[in-house]
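The values are calculated or read from the model by the stated rules, or taken from the named source; none is laboratory data. Owing to the predicted nature of the structure, the values given are computational and were not obtained by experimental measurement. Cβ atoms come from the backbone with ideal geometry, glycine included; neighbour counts cover every protein chain shown. Heavy atoms of the whole protein, side chains included, go into the accessibility calculation; ligands, DNA and RNA do not. Shrake-Rupley method; radii C 1.70, N 1.55, O 1.52, S 1.80 Å.
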Amino acid sequence: MNRDLQNALHELADRVESSHVETTRGAGLPLPTITARARRNRHRRTLVSLVGAAAAVVLVGGAAYAVLPDEQQANPPAVSPTLRTPTPSPTTSTAAVVLPTGNPALPFGACGSLAATAPEAPVDPDYSIEVTSPSTVDAGGGLTVTARVETPLQNGVHVVGAAPGAGPTFAVTKDGVVVAGGDLYDGTRTDLVSFEGVQGPLPVYLGRISLEVCDAGNSAVSTGRPLPGGAYELHSLVQLTPIGVDPSIVEDGTVEDLVAHGDAQPVTAVGPAIPFTIFGDAQAMSARPGSIPVGTGIFGDRLMPEPLTCGDALPGPSDPGTVAGLSLDVEPSTLSVLAGEPLPYAAGLTNRGAARAGTDLQHPPYFLVADGGTIVGSTRSDAASARTRADLGTRSTLDLSDSAVLTRCGTAGNDPAPLARGTYTVVPVVDVAVDLFVDGVHHSTSVSVTDLPVQVTIS
Amino acid sequence: MSWESELGALVATRGSALVAYAYLLTGDGHAAEDLVQEGLVNAYSRRRPRDVQWVEAYVRRVILNTYLDAYRSRKRLASVTHLLAQDPSADAHAQAGDRADVARALTVLTPRERACVVLRFYDDLTLPEIGHRLGISDGAVKRYLSDARRKLEPELGPQPGLTTEDLSTIATGGRS
């Protein structure tokens, strides 16, 4: 026995422990980060059991989100917006649009309610909604929004609860009165989902609020007419029911049962009031941006397609109609890269289907690399994962821009090795689990979405 | 108690001790924190029984395995780089006191040699237990400890306890 070495190791450990306590004062280990990573992995293990050893994953750093402009916004009017002024908008406009008048008896959020009144459930400031939307929009169209619901921690762990599957409700107010709004599912989705349970945090919601006069139950109001030009505010709110802090709570029963039979009281999370301006007047709502039909034959298969492997033939671009209406658009920032250097790329996953798509990505897009039509490498890596969930409305795009190192077959993961110099054909791919609500029916599937190939030279 | 609460409690009460344990393996404070973080993530990525002592022991095993896996696979070059020998004079933990000699001496060991030394003289494991823990034979454990002795003696002086012929197969009676 060597007492010296034994004592020395214990003294060294004691000294390091004391030093760590003193220097970090308990802040040395990032508990929220550790918790979040473990939670992701716990969920990912569930999926991995379905997809086998398919997914090697790449870290997404700071994924951002965006919404494609509506088609009408993609073709801006000839007059510069900076030269335009809001049209005066009295309660009854020159186009004879009659807006709802304020009814203080209604809870906030209902058509005709007052912004100053309370919602049905009390507002809890520990919950919040982050919303981004444009500051100007043309009459007769929609207002694109991106929303993220933030839930609080309780003693360092996330509160688990129930939320509407449709996400937040949005209310457009004019002079303090709700005159338009609704949820992103046009009220067709009424189920509840859990947050911070097995499914993790709520998704990011991307969609479009139709700027038409809401139905206040009053025939004198111009229900369905485009909102007239003028200054408005966008409000957001969502009713949430906290039911504990243990994610396993939601494993044993439906969220609806837990809410119905539990004693938890709902609260309301609200977002900030966001001012925006409608320019011009429109006699009718413009047609919604075009969308493609989605073949229902793809539904029902929740298993992720088997990933292509080395030696397989390179796939062509996928048809959105057969992959739940999704399309992947990837644009490498350069077509020539040094061996072993990351290839930066801009990437967007767009919902071109007629229905909203709840998307769940276990890893970001990756490249399949081919030489002579045969896969010889990829950008799959065995590094840390990052899960992304987003609820995409029609023509909404999830920004997945990142970078990746092209590696050769058999080396991705534990010991990546760069490809030899040369020009390769590269196909971007992203694997997505999708939930669609079509005519009130929930469909689930998993798809691999591919983009057009590009030629990349490694030098 | 939920696993998040359990994790929070473990970090609050035993986080620094786990960092110290990882430091014995890595010789670097930041690398030790990274290793503990990896260990905790790995441990809590699975469902665990809710006995804190068991969990801490499990996390120590994960730390050890993660340390050796990083060495074996070199899957993240940066992680591996800072796990290799460094000048401990740059480390605040090692600068404190004459135990810096030990910290410096340990840097000459390979990861497996270092793991064997830590398991033997800190975790107080027997040779078969070390072999079982590392998935290697008793003979391999003896060889690693013998190699460790050859490297440590120039730094620390004679280390008869590391003579393989004297290595017992029972615990030394130290703390665990």
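How many residues does segment B:6-29 hold that are facing chain A (nearest Cβ under 7 Å) and out of contact with any Gly (no Cβ under 8 Å at 6 or more places or on another chain)? So the answer is 6.
Does segment A:207-227 contain at least one residue that is of a type outside the set (S, T, N, Q), open to solvent by 20 Å² or more (accessible area, probe 1.4 Å) and touching a helix residue (DSSP H, G or I) at 6+ places or on another chain (Cβ under 6 Å)? Within segment A:207-227, none of the residues are of a type outside the set (S, T, N, Q), open to solvent by 20 Å² or more (accessible area, probe 1.4 Å) and touching a helix residue (DSSP H, G or I) at 6+ places or on another chain (Cβ under 6 Å). Note on segment A:145-158: among residues that are surrounded by 19 or more Cβ atoms within 10 Å (Cβ to Cβ) and more than 13 Å from the chain's Cα centre (by Cα), the one that is nearest to the other protein chains (Cβ to nearest Cβ) is A:V157. Tallying residues that are part of a strand (DSSP E or B) and within 27 Å of the chain's Cα centre (by Cα) within segment A:99-144 yields 18.
Check segment A:40-54 and report whether any residue there is at pLDDT 55 or above, touching a helix residue (DSSP H, G or I) at 6+ places or on another chain (Cβ under 6 Å) and closer than 24 Å to B:E33 by Cβ. No, segment A:40-54 contains no residue that is at pLDDT 55 or above, touching a helix residue (DSSP H, G or I) at 6+ places or on another chain (Cβ under 6 Å) and closer than 24 Å to B:E33 by Cβ.
Scanning segment A:339-360 for residues that are under 22 Å from A:R189 (Cα atoms) and open to solvent by less than 10 Å² (accessible area, probe 1.4 Å) yields a total of 5. Checked against (1) at pLDDT 85 or above; (2) open to solvent by 60 Å² or more (accessible area, probe 1.4 Å); (3) within 24 Å of B:E38 (Cβ to Cβ), B:R76 passes all but a single condition, namely (1). A:G112 passes every criterion in (1) within 16 Å of A:L206 (Cα to Cα); (2) surrounded by fewer than 23 Cβ atoms within 10 Å (Cβ to Cβ); (3) of a type in the set (G, A, S) apart from (1). Filter segment B:1-23 down to the residues that are open to solvent by 10 Å² or more (accessible area, probe 1.4 Å) and of a type in the set (S, T, Y), then identify the one that is farthest from A:T23 (Cα to Cα). That would be B:S5. Just to be sure, is A:P164 within 14 Å of chain B (Cβ to nearest Cβ), in contact (Cβ under 8 Å) with a residue 24 or more places away in the chain, over 30 Å from A:G280 (Cβ atoms) and open to solvent by 30 Å² or more (accessible area, probe 1.4 Å)? So A:P164 fails the test. Taking segment A:256-285 as the range and being more than 23 Å from A:G165 (Cα to Cα) and part of a loop (DSSP other than H, G, I, E, B) as the test, the residues that pass are A:G280, A:D281, A:A282, A:Q283, A:A284, A:M285.
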